[in-house]
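The values are calculated or read from the model by the stated rules, or taken from the named source; none is laboratory data. Just so it is clear, the model here is predicted, and its values are computed rather than measured. Cβ atoms come from the backbone with ideal geometry, glycine included; neighbour counts cover every protein chain shown. All accessible areas refer to the heavy atoms of the entire protein, side chains included, with ligands and DNA or RNA removed. Shrake-Rupley method; radii C 1.70, N 1.55, O 1.52, S 1.80 Å.
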Amino acid sequence: MAKKVHGEESPSIREEVLRLLKKEKGRFVSGEEISAAMDISRTAVWKHIQALREEGYDIISLPRQGHRLLAVPDRLYPREIKEGLATAVIGRHYHYYPVVDSTNTVVRKLAAEGEEEGTVVAAEEQTGGRGRLGRSWFSPPGSGLWFSLLLRPALLPREVPRLTLVAGLATAKGIAKATGLEVRLKWPNDLYLNGRKLGGILTEMEAELDRVHFVVVGIGLNVNVGEEEWPPSLRGTAISLREACGREIPRVPLLQAILRELDDCYRRFLAGEFPALLQEWRQRAYLGCPVFITLGGEKRRVEAVDVDEEGLLLIRKEDGEISRVVAGDVELIQE
Ligand code: BT5
């Protein structure tokens, strides 16, 4: 039978070749078998195998035996993340980049072009990862989860900070599901492990006074960052999951678990369940303890008492007065 010539090196055929190798994982599949199954030439088969190898798939090829998939790379490729993801909204559209300046910036651009709610942008590395208030976020290649979501909730601008708490809770739940590690939450946007910063959330929005156009929730999580990789400014204050549990954590199932929890928590949030989500947040949070809080440039020691039903922090000052904090920086006091 004449082999197809046009399109035989197309990306969709590459997906089929990979699917076949995955299905037959653990055994050799001959070049002939692949060529017949895909209706492509043997040369095209070889090119696809080579391309997959370049993407990091560990494929052994032996004369007369064929090709065998030994291992799938732990990269955040769309095909790997989407496989079995089964979320309703979050990650329905998923964009992947080896390197970007900031995934939040990419999502903002997509949002302005009309991209749908739930879109996720993930990168292996960020060259201009951002924190709040113009601070930077260290995002080295291949060792973290650096990703952002696009949301279009019907909220007032002052209600948007609640999404930071919801995203923090969902991330903590996803980490627990995938690794068994229980992380702690620090108001408003931090994930902590062993008293050090494991991750952070940057929530940005485009809004008018009474209408939110879109919200971008950016999540940064240190997964396999090695002790020696930290810049001096973060040594001793930052931590990765690998450092905490002494083994490499596969990022693909971790990101999938977090996206599933985000999907679930966001659905509950939209259904009016913020109070219940907040209750779950509280159970994992640093509350009822002394902290330093910086408000308007002034740093003082207070007690972080609780979060109220709007997600604002309640603090008790040294004179006993309780006040509500809309935005501020909280620093744990390690005693
Ligand atoms: C945050 O800001 O914690 C929000 C971080 C959000 C990062 C994600 S990654 C995907 C998306 N794209 C982006 O560009 N950003 C989001 P903030 O609370 O302001 O904390 C920033 C501070 O955390 C810095 O000033 C450092 O002290 C510290 N820091 C920076 N990188 C860190 C890291 N990888 N791990 C732990 N701490 C870090």
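I'd like to check something: does the stretch 123-146 contain any residue that is at pLDDT 95 or above, over 21 Å from Q279 (Cα atoms), outside the structural domain of E309 (by TED's automatic domain parsing) and of a type in the set (D, E)? Yes - at least one qualifying residue is present in the stretch 123-146.
Here L234 clears all of (1) at pLDDT below 95; (2) within 14 Å of the ligand (Cβ to nearest atom) except the condition numbered (1). Might you check whether a residue that is small (G, A, S), within 16 Å of the ligand (Cβ to nearest atom) and under 23 Å from D329 (Cβ atoms) occurs anywhere in the stretch 221-231? Scanning the stretch 221-231, I find no residue that is small (G, A, S), within 16 Å of the ligand (Cβ to nearest atom) and under 23 Å from D329 (Cβ atoms), so the answer is no.
Does the stretch 163-178 contain any residue that is farther than 16 Å from R267 by Cβ and basic (K, R)? Scanning the stretch 163-178 turns up at least one residue that is farther than 16 Å from R267 by Cβ and basic (K, R). Is it the case, given these coordinates, that I239 is closer than 12 Å to I175 by Cβ and β-branched (V, I, T)? No, not satisfied.
Looking across the stretch 130-143, the residues that are within 7 Å of the ligand (Cβ to nearest atom) and open to solvent by less than 50 Å² (accessible area, probe 1.4 Å) come down to G131, S139.
Pairing each residue of the stretch 15-44 that is over 15 Å from I59 (Cβ atoms) and of a type in the set (S, T, N, Q) with any residue that is open to solvent by 70 Å² or more (accessible area, probe 1.4 Å) and part of a helix (DSSP H, G or I), provided the two are 6+ apart or on different chains, yields C-beta distances under 7 Å for S35/R42.
Residue-level analysis places V183 among those that are among the β-branched types (V, I, T), open to solvent by less than 50 Å² (accessible area, probe 1.4 Å), farther than 18 Å from E125 by Cα and touching a residue at least 60 places away in the same chain (Cβ under 8 Å). For A304, the requirement of being of a type in the set (G, A, S) and assigned to a strand (DSSP E or B) is met.
Taking the listed residues R79, R108, R75, the one that is away from the ligand (no atom under 13 Å from the Cβ), touching a strand residue (DSSP E or B) at 6+ places or on another chain (Cβ under 9 Å) and in contact (Cβ under 8 Å) with a residue 40 or more places away in the chain is R75, with no other qualifying.
Selection of the stretch 189-220 for residues being of a type in the set (K, R) and either at pLDDT below 95 or away from the ligand (no atom under 12 Å from the Cβ) (or both) yields only R211. The one condition from (1) in the same structural domain as A207 (by TED's automatic domain parsing); (2) more than 16 Å from the ligand (Cβ to nearest atom) that H67 does not meet is (1).
Before we move on, is L191 assigned to a strand (DSSP E or B), assigned by TED's automatic domain parsing to the domain that holds E248 and under 19 Å from L332 (Cβ atoms)? Quick ask: steps written out before the conclusion?
On the way: assigned to a strand (DSSP E or B): yes; assigned by TED's automatic domain parsing to the domain that holds E248: yes; under 19 Å from L332 (Cβ atoms): yes.
Spelling it out, L191 is indeed assigned to a strand (DSSP E or B), assigned by TED's automatic domain parsing to the domain that holds E248 and under 19 Å from L332 (Cβ atoms).
Within the stretch 251-266, identify whether any single residue is within 19 Å of I175 (Cβ to Cβ), open to solvent by 40 Å² or more (accessible area, probe 1.4 Å), assigned by TED's automatic domain parsing to the domain that holds T179 and part of a loop (DSSP other than H, G, I, E, B), and answer yes or no.
Checked the stretch 251-266: no residue is within 19 Å of I175 (Cβ to Cβ), open to solvent by 40 Å² or more (accessible area, probe 1.4 Å), assigned by TED's automatic domain parsing to the domain that holds T179 and part of a loop (DSSP other than H, G, I, E, B).
Here A276 clears all of (1) open to solvent by 20 Å² or more (accessible area, probe 1.4 Å); (2) out of contact with any helix residue (DSSP H, G or I) (no Cβ under 9 Å at 6 or more places or on another chain); (3) outside any loop (DSSP other than H, G, I, E, B) except the condition numbered (2).
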